[in-house]
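For reference, the structure discussed in these notes is given below.
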Amino acid sequence: MITEGEIIMNTEHRQQKISFWHSMKTQFIAVVILVAAVIVILYTLMIMPGVKSNIRSIYSDYLLDLSISYGREMESAMQVNIDLLDNPEAAQDILQQLDIAGAKTAYAYLVGFDGTMLYHPTAEKIGQPVENDAVKKMLKEIQGGSIPKPETVQYVFQGEKKFAACYTSKKQFILVVTADDADLLAPALMLEQRGILISGVLLLLGALAAFVFATRITRPLSKITDSVNRIAQLDLRNDQVLEQCAAHRGEVGSIANAVLRMKEALTEIVQKIRQQSGQLFDASETLNNNAVKTAGNVNNVETAVNEIATSATSQAQETQGATESIISMGTMIEDSTSQVKSMNETADVMNESGQIAKKVLEELGEINERATESINVIYEQTNTTNDSALKIKDATSLIASIADETNLLSLNASIEAARAGEAGKGFAVVAAQIQKLAEQSNESAKRIEDIIRELLKDSETAVHTMEDVKKIMQEQNEKVKKTAEVFEQMHEGVNLSIHGMVSIEEQTQKIEDARNKIVDTVQSLSAIAEENAASTQETSASMMEIGSVINDISQNAENLKNIAEVLERNMQLFQMEES
């Protein structure tokens, strides 16, 4: 049986606390942050390098255009002032106009074909050899007899990466317009920093928005989870929070509505089970009570049937004895007939004593009536003996059954004890059962003694009755003898005696006929009694089988009652609104 505590413990055991990393909210926020981080990384690693490359290309072309433009302007100025290259101030007037927006480190300088600085914003470098490796390379080409085309080169000077646009003039100078790479990329770096800052801000805002949005999504789900947990704890009462969640129009509302429908279905099922469990309990209890009553009635009927069977058997035996007695009586009647014939021979004597014979015959009729009464007493005593014999059979059957079972149990106990050795002590249960059966045997023996005692008593009564019958018959014989003596003296009443003898003979024949009918009837009764005994024995066996079936029904009804009680207790664990 599952108790309320076990159900609650099982429910609590299955209620797992949501891990932070497995939470839908955390996963949603993590996805948003991951997407934003990927965007920032893509911006930094893919977009910004392209932007920087484009800016370098633009500034490279711009520096090259400036170098060409100012180089040609210098060539035009040299047509007017041939000594321009020897006059740094004049070159300064032209080159100081060079301005690159956003590039503070940009400047221009002139280098002669001999590698000498003709002009430089730093006055100390004027007249000094050029230090730029890219320019030195161009000077070598010039010394080789070729004039390099205008181009843009990159180089490192004093640890700084620089861009330089070089214009080589046929008028013996090289115009170099240069600027620091970091200065040229300052807008891109600022753009990159701003992009990263904006991305970070957007990342935080996205995370915040994701947190708010995820909270809006998961909060109703958490409420629904709490409601489902309450249902799991068998609480089916009204849940306002779940009904509020069901009012949502989105997926949350669909989930809440599904949970509500499930809850309503569970409530209806529990109510029906409660009703059915109550009816089942009542039906099982009624069935159990009826089975117990029926078992008692069956036992009573079985006892009565056993007693009837014993009575029927005894009655058959006693009826057989009565048949033998009636046959003996027939012999006596035949003897009386012979005596009547003898009396016919002494008709002369009987004629004289007719009146006396008549009186004697009347007395003989009275004696016969008394004999009939004695026979009735014998019949009644025989019935009593039959009842006692029934009880004897019942006790004898019980003793035989117990003896058989005792023998089997004793044999089983001996075998099992021999097999088990020391473990044979466990057969104490069998020994106890044997002892109980022995006690039942003793009780049955006592019952047999009591019944035998009653049977002996009834037999004594029958003996006394038979003695009375014997006395009556003896008295009747004496009367008959006296009648014979009187008939000897009845010389004058011969005719009357003969007529009387004829009548006696006729009555004797009628008695013989009646006796034969009685014998047939008694024999029929004996056969019927034997059939009744056999039928009652079969009925007793059937009643024993019925009793066994009733006991099984009673046990099953008790089990059904226990199941109904367990079901009712389990149904009480559900918390529901009072109707």
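The values are calculated or read from the model by the stated rules, or taken from the named source; none is laboratory data. These figures come from a predicted structure and were not determined experimentally. Cβ coordinates were reconstructed from backbone atoms using ideal geometry, including for glycine residues, and neighbour counts include every protein chain displayed.
Of the residues making up the range 276-290, at least one is loosely packed, with under 14 Cβ neighbours inside 10 Å, more than 16 Å from I550 (Cβ to Cβ) and not polar (S, T, N, Q). Where residues in the range 128-147 are at pLDDT 85 or above and not in a helix (DSSP H, G or I), which of them is farthest from S57 (Cα to Cα)? Restricting to residues being at pLDDT 85 or above and not in a helix (DSSP H, G or I), the top hit is Q128. The set of residues from the range 73-89 being in contact with a Lys or Arg (Cβ under 8 Å, 6 or more places away or on another chain) and not aliphatic (A, V, I, L, M) comprises just one member, E75.
Would you check which residues across the range 62-96 are over 21 Å from Q128 (Cβ atoms) and exposed (fewer than 13 other Cβ atoms within 10 Å of the Cβ) and list them? S76, Q79, V80, N81, I82, D93 - these are the residues of the range 62-96 that are over 21 Å from Q128 (Cβ atoms) and exposed (fewer than 13 other Cβ atoms within 10 Å of the Cβ). Summed over the range 82-113, residues that are modelled with pLDDT of 75 or more, of a type in the set (S, T, N, Q) and assigned to a loop (DSSP other than H, G, I, E, B) total 2.
Residues in the range 59-79 that are out of contact with any helix residue (DSSP H, G or I) (no Cβ under 9 Å at 6 or more places or on another chain) and either closer than 17 Å to Y119 by Cβ or not in a helix (DSSP H, G or I) (or both): how many? Count: 7.
Among the residues of the range 561-576, some residue qualifies, meaning at least one is modelled with pLDDT of 75 or more, over 30 Å from V228 (Cα atoms) and touching a helix residue (DSSP H, G or I) at 6+ places or on another chain (Cβ under 9 Å).
If you go through the range 114-126 and keep only what is in contact with a helix residue (DSSP H, G or I) (Cβ under 9 Å, 6 or more places away or on another chain) and in a loop (DSSP other than H, G, I, E, B), you end up with D114, G115, H120, P121, I126. Close Cβ contacts (under 8 Å, 6 or more residues apart or on different chains) running from residues in the range 113-136 that are in contact (Cβ under 8 Å) with a residue 60 or more places away in the chain and under 17 Å from L95 (Cβ atoms) to residues that are charged (D, E, K, R) and in a strand (DSSP E or B) are absent. If you go through the range 512-521 one residue at a time, do you hit one that is modelled with pLDDT under 70, of a type in the set (S, T, Y) and assigned to a helix (DSSP H, G or I)? Scanning the range 512-521 turns up no residue that is modelled with pLDDT under 70, of a type in the set (S, T, Y) and assigned to a helix (DSSP H, G or I).
Number of residues in the range 535-567 that are loosely packed, with under 14 Cβ neighbours inside 10 Å and within 10 Å of N288 (Cα to Cα) equals 2.
If you check A164 against the conditions, is it under 19 Å from L63 (Cβ atoms), in contact with a Phe, Trp or Tyr (Cβ under 7 Å, 6 or more places away or on another chain) and free of Cβ contacts under 8 Å to residues at least 40 places away in the same chain?
Details: under 19 Å from L63 (Cβ atoms): yes; in contact with a Phe, Trp or Tyr (Cβ under 7 Å, 6 or more places away or on another chain): yes; free of Cβ contacts under 8 Å to residues at least 40 places away in the same chain: no.
Spelling it out, it is not the case that A164 is under 19 Å from L63 (Cβ atoms), in contact with a Phe, Trp or Tyr (Cβ under 7 Å, 6 or more places away or on another chain) and free of Cβ contacts under 8 Å to residues at least 40 places away in the same chain.
Conditions (1) surrounded by fewer than 18 Cβ atoms within 10 Å (Cβ to Cβ); (2) small (G, A, S); (3) in the same structural domain as K104 (by TED's automatic domain parsing), marked per residue:
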{"site": "F173", "(1), (2), (3)": "no, no, yes"}
{"site": "P187", "(1), (2), (3)": "yes, no, yes"}
{"site": "I196", "(1), (2), (3)": "yes, no, yes"}
{"site": "G200", "(1), (2), (3)": "yes, yes, yes"}
{"site": "T218", "(1), (2), (3)": "no, no, no"}
{"site": "S222", "(1), (2), (3)": "yes, yes, no"}
{"site": "R230", "(1), (2), (3)": "no, no, no"}
{"site": "L242", "(1), (2), (3)": "no, no, no"}
{"site": "A246", "(1), (2), (3)": "no, yes, no"}
